[in-house]
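Have a look at the structure below, then the notes.
All of the numbers you see were taken from the coordinates with simple rules; none came from a lab. Bear in mind the structure is a predicted one, so any value in this text is a computation, not a measurement. Here the Cβ is made from the backbone with ideal geometry for all residues, glycine too, and neighbour counts use every protein chain on show.
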Amino acid sequence: MTTEAQIGYGGSFAIQQTGDASPVVVAEVTNITPPSDQVDILDATNMASPDATREFIIGLRDPGECTLEMNFVPGGAGDTKIQAVRTARVPVTCVVTFPAIAPADAVTWPFTGTLTGYEPDMPVDDKMTAAVTWKVTGSYVTGTV
């Protein structure tokens with residue numbers, strides 16, 4: 001069987017604030033870590049639990065965080081958009097788009113996110129980068145473009 005594995009080249013991250021006509025794709029992204037769900041496991045053990053053994057039930061999902069790394073261009077379109085989101089202090093629509101062989105086959109993960117971290121880095125002997133962290137709120141839905 002031939003593998004269907006592929007590299008992340010061609011993926012993208014976009015942000016849409018209220019009032020934006022369409023999502024703004026953040027330029028020069030070098031890495032995206034999509035949301036990662038965690039599920040709470042709750043101890044439901046009681047004094048009559050069979051064989052004196054703990055019992056557990058499934059709790060709520062936490063959609064986690066989404067992080068991205070980008071080439072930092074001070075005053076560039078990506079920096080400007082992220083600064084605007086930071087200033088507004090309201091959740092925005094974020095869209096992770098996975099690369100696809102044909103654009104019509106691209107899978108997207110849209111979610112509502114709150115900007116929780118923006119960390120530019122300016123080393124003396126390497127390119128400037130920035131790490132951006134979003135806390136996902138509510139459920140995200142996967143789909144195709």
| Taking Cα atoms, how many degrees apart are the long axis of helix 77-88 and the longest axis of the chain, rounded to 10 and kept between 0 and 90? | 50
| request: Rank by packing, highest mean first: peptides 132-138, 73-79, 40-46, with packing defined as the count of other Cβ atoms within 10 Å averaged across residues. | output: 132-138, 73-79, 40-46
| field | Relative contact order computed over the chain (Cα-Cα under 8 Å; 6+ residues apart), in percent | value | 25
| task | Report, in cubic angstrom per residue, the convex hull volume of the C-alpha atoms of the chain. | result | 207
| said: Starting from the Kirkwood Rh over alpha-carbon pairs, what translational D in µm² s⁻¹ does segment 56-139 have by Stokes-Einstein at 10 °C and 1.306 mPa s? | reply: 107
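Note the full-extension length gain between residue 141 and residue 57 as 0.36 nm times their separation in residues minus their Cα-Cα distance, in nm to one decimal.
Working: separation 84, 0.36 × 84 = 30.24 nm, distance 2.43 nm.
Gain on stretching residue 141 to residue 57: 27.8 nm.
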| note | With a Förster distance of 41 angstrom and the Cβ-Cβ distance between residue 125 and residue 17, calculated FRET efficiency to the nearest 0.05 equals 0.70
| said: Cut-off 15 Å, label point 7 angstrom out along Cα-to-Cβ of residue 2: give me the residues of segment 91-127 whose amide nitrogen falls inside. | reply: 101-102
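Could you tally the net charge around residue 71, taking each other residue with its Cβ under 15 Å from the Cβ of residue 71, Lys/Arg +1 and Asp/Glu -1?
Numbers: positive: 81, 127; negative: 28, 69, 79, 119, 121, 126.
Result for the local shell: -4.
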